[in-house]
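Here's the structure we're looking at; comments come further down.
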Amino acid sequence: MRDRFAEARYEVFSHARKMWEAGLVAGSSGNLSARVADDPSVIAMTPTSISYDEMAGNQIVIVDLLTGSSIESREAPSCELPMHRVIYRELPHVSAIVHTHSPFVTTLSILRRPLPPVIDEMLQAFGGTIEVADYAASATEDLGRNALRALGNRTAAILANHGNVCVGTSISAALNAAIAMEAAARIYLQSLQVGEPFVLRQS
Ligand SMILES: [Zn+2]
């Protein structure tokens with residue numbers, strides 16, 4: 001039988017591989033989801049507990065955002081589905097969400113230290129400082145609510161003692177934000193070893 005979600009599954013699968021290849025996630029950590037193009041109340045999401053090197057496109061899970069139930073799927077969705085649902089519900093313009101435990105961003109997250117715009121690229125990509133959300137446990141709606149507050153009108157937030165969440169109007173935009181954020185976090189932390197970095201004026 002033809003899979004009516006094949007395209008959405010492939011989009012999420014291919015970007016999940018890119019996320020893994022970029023070193024932003026290890027094993028089965030982190031997750032990624034995107035709204036299905038012709039039905040924004042449905043998302044395609046990475047499955048729980050399957051490592052990226054063993055993941056197949058047909059294991060991507062389709063979820064109805066209103067009920068939280070999966071549709072025509074073999075696997076269970078990532079345990080961070082509650083966070084994704086809160087963000088999609090409150091931010092209708094968001095089409096995709098990337099959540100990683102990338103090492104330099106996660107270092108900032110345990111310091112609970114925001115990421116200020118220290119390189120020009122960051123001003124263009126994020127508009128200003130990326131804030132740290134209040135701590136909430138994994139797999140809870142509170143994680144999503146706290147992330148929302150920290151996001152404000154930006155496309156990224158740091159999740160305290162956890163990692164980050166990046167949002168975008170496309171799956172590649174959300175992934176590119178996560179890649180840019182990890183590179184900036186690395187540079188920022190390196191500069192802190194030597195002295196006090198200059199922070200650019202933000203809009
Ligand atoms: Zn996580």
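Quick notes on this one:
- Selection count where residues are surrounded by 14 or more Cβ atoms within 10 Å (Cβ to Cβ) and either assigned to a loop (DSSP other than H, G, I, E, B) or in contact with a strand residue (DSSP E or B) (Cβ under 8 Å, 6 or more places away or on another chain) (or both), scope region 182-199: 5
- D120 meets the conditions (1) touching a Pro at 6+ places or on another chain (Cβ under 8 Å); (2) within 24 Å of Q193 (Cα to Cα) in every case but one. The failed one is (1).
- Residue in region 49-57 that is of a type in the set (D, E, K, R), more than 16 Å from the ligand (Cβ to nearest atom) and either under 17 Å from I97 (Cβ atoms) or in contact with a Pro (Cβ under 6 Å, 6 or more places away or on another chain) (or both) present: no
- Taken together, A22, A16, A44 contain a single residue that is within 16 Å of R85 (Cβ to Cβ) and in contact with a helix residue (DSSP H, G or I) (Cβ under 7 Å, 6 or more places away or on another chain), which is A44.
- Answer residue from region 107-124, given it is without any contact (Cβ under 8 Å) to a residue 60 or more places away in the chain and open to solvent by 30 Å² or more (accessible area, probe 1.4 Å) and is farthest from the ligand (Cβ to nearest atom) among those: Q124
- Sole residue being within 17 Å of the chain's Cα centre (by Cα), crowded, with 16+ Cβ neighbours inside 10 Å and at negative phi, chosen from A133, A137: A133
- Among (1) part of a helix (DSSP H, G or I); (2) buried (at least 19 other Cβ atoms within 10 Å of the Cβ), the one test that V165 misses: (1)
- Residue check: R149 meets all listed conditions (1) without any contact (Cβ under 8 Å) to a residue 24 or more places away in the chain; (2) part of a strand (DSSP E or B) but one, namely (2).
- Subset tally (residues that are more than 13 Å from the ligand (Cβ to nearest atom) and under 18 Å from V105 (Cα atoms)) for region 19-45: 4
- Criterion applied to V86, V61 was being open to solvent by less than 40 Å² (accessible area, probe 1.4 Å) and away from the ligand (no atom under 16 Å from the Cβ), and the one residue passing it is V61.
- Filter pass, V94 being in contact with a helix residue (DSSP H, G or I) (Cβ under 8 Å, 6 or more places away or on another chain) and within 12 Å of the ligand (Cβ to nearest atom): no
- Given (1) surrounded by fewer than 18 Cβ atoms within 10 Å (Cβ to Cβ); (2) in a strand (DSSP E or B), index of the condition P92 fails: (2)
The values are calculated or read from the model by the stated rules, or taken from the named source; none is laboratory data. All values derive from a computational prediction rather than experimental measurement. Note: ideal-geometry Cβ built from the backbone for every residue, glycine included; neighbour counts use all protein chains shown. Side chains are part of the model used for accessible areas, which takes the heavy atoms of the whole protein and leaves out ligands, DNA and RNA. Shrake-Rupley method; radii C 1.70, N 1.55, O 1.52, S 1.80 Å.
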